[in-house]
1. Translational diffusion coefficient, Stokes-Einstein: compute it for segment B:74-140 using the Kirkwood radius over C-alpha pairs as Rh, at 37 °C and 0.692 mPa s, and state it as an integer in µm² s⁻¹.
2. Around A:Trp57, with a cut-off of 12 angstrom between Cβ atoms, what is the net charge of the other residues, counting Lys and Arg +1 and Asp and Glu -1?
3. Applying 1/(1 + (r/R0)^6) with R0 = 30 Å to the Cβ-Cβ distance of B:Ile67 and B:Ile6, what FRET efficiency is obtained, to the nearest 0.05?
4. For chain B, state the semi-axes of the equivalent ellipsoid (square roots of 5 times the eigenvalues of the alpha-carbon gyration tensor), sorted largest first and rounded to whole angstrom.
5. Per residue of B:62-71, count partner chain C-beta atoms within 10 Å of its C-beta, then hand back the mean as an integer.
6. By count of other Cβ within 10 Å, fewest leading, how are B:Ile6, B:Ile36, B:Ile67 ordered?
7. Name all residues of segment B:116-140 having a backbone nitrogen under 13 Å from the label point set 7 Å from the Cα of A:Phe35 along its Cα→Cβ direction, giving them as ranges.
8. Using the alpha carbon gyration tensor of segment B:1-84, what are the three equivalent-ellipsoid semi-axes (square root of 5 times each eigenvalue), largest first, in whole Å?
Amino acid sequence: MRILLALLSGGLFGAGLHISGMTDTGKVQGFLDLFGAWDPTLAFVMGGAIVPMAIAWRMVPGRSPLAGGTFASPQEHGLDNKLILGSVLFGVGWGLIGLCPGPAIASLSYGGWRAQSFLLRCLSVC
Amino acid sequence: MPIDWIYGLVGGLLIGFAGVVLLLGNGRIMGASGIIGSLVDQTSGAATRERVAFVFALVLVPALLQIGSPVDTGTMQSTLLLVFAGICVGIGTRMANGCTSGHGVCGISRFSVRGVVATAIYIAAGVLTVLALRLIVGEL
């Protein structure tokens, strides 16, 4: 059951990244290109993804996960330097080539050596 | 182009449903960097098999979808840039404990202060980086 749900989730995530064009580094960099040829697509992707998730979070209190167990509790220990510095570093890398971990995995089959070498480097430190 | 926004919205909804399935089904937060990071570290414990399944489907479905329709993956980049960017993203997401899916989608949707702040910072850093690239190299 847990494996099937994970497969379904990973498959939906992959389909979503593919259909939205987020595996195209040009569209991601286009979104970050605020002072150039701005491409707002990523904002629509984020918005579209946040709506179902916001509804799901409201369903969490007082329930258990469908496959049993308990809900993972996200860290909420406030802001710290690690969060801020880490996000700056992530943003720099993201802007430089337009890839973040999700799309890098999703485009492994057709991203060629770019997706692979990026991911390898990313995995060696993360 | 407006059509891109529609694809973006539809794809975004699918990504959101992916997060819903993982949250309400398995009780897990869908964060790509955390999932692959814990698999590399072998710190997933009992969740290892479901994380492998998640990554497997995440690679397989786009691989099937692109059959017969070549995809745009963006322009070629230099290896040096790829390696440097990979290191930044790897260290950054580890330190910040999340990336676009974890902090962006899952964090913002529950109004998490950490998620909102992280997302604002990495988008700002990304915008400045692209601006710097434009100034130095000309075009992307």
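What follows is calculated from the coordinates using simple rules that are stated; it is not laboratory data. Please read these numbers as outputs of a predicted model, since none were measured by experiment. Cβ coordinates were reconstructed from backbone atoms using ideal geometry, including for glycine residues, and neighbour counts include every protein chain displayed.
1. Diffusion coefficient, whole number: 249 µm²/s.
2. +3
3. Values: r = 23 Å, r/R0 = 0.75.
After rounding to 0.05, the efficiency reads 0.85.
4. Values: eigenvalues 134, 84, 65 Å².
Computed over chain B, the values are 26, 21, 18 Å.
5. Values: counts 17, 7, 5, 8, 5, 2, 0, 0, 1, 8.
Per residue, the number of nearby Cβ atoms from other chains is 5 on average.
6. Numbers: B:Ile6 13, B:Ile36 25, B:Ile67 9.
Fewest-to-most ranking of B:Ile6, B:Ile36, B:Ile67: B:Ile67, B:Ile6, B:Ile36.
7. Answer for segment B:116-140: B:125-138.
8. On the way: eigenvalues 137, 85, 33 Å².
Sorted largest first and rounded, they come to 26, 21, 13 Å.
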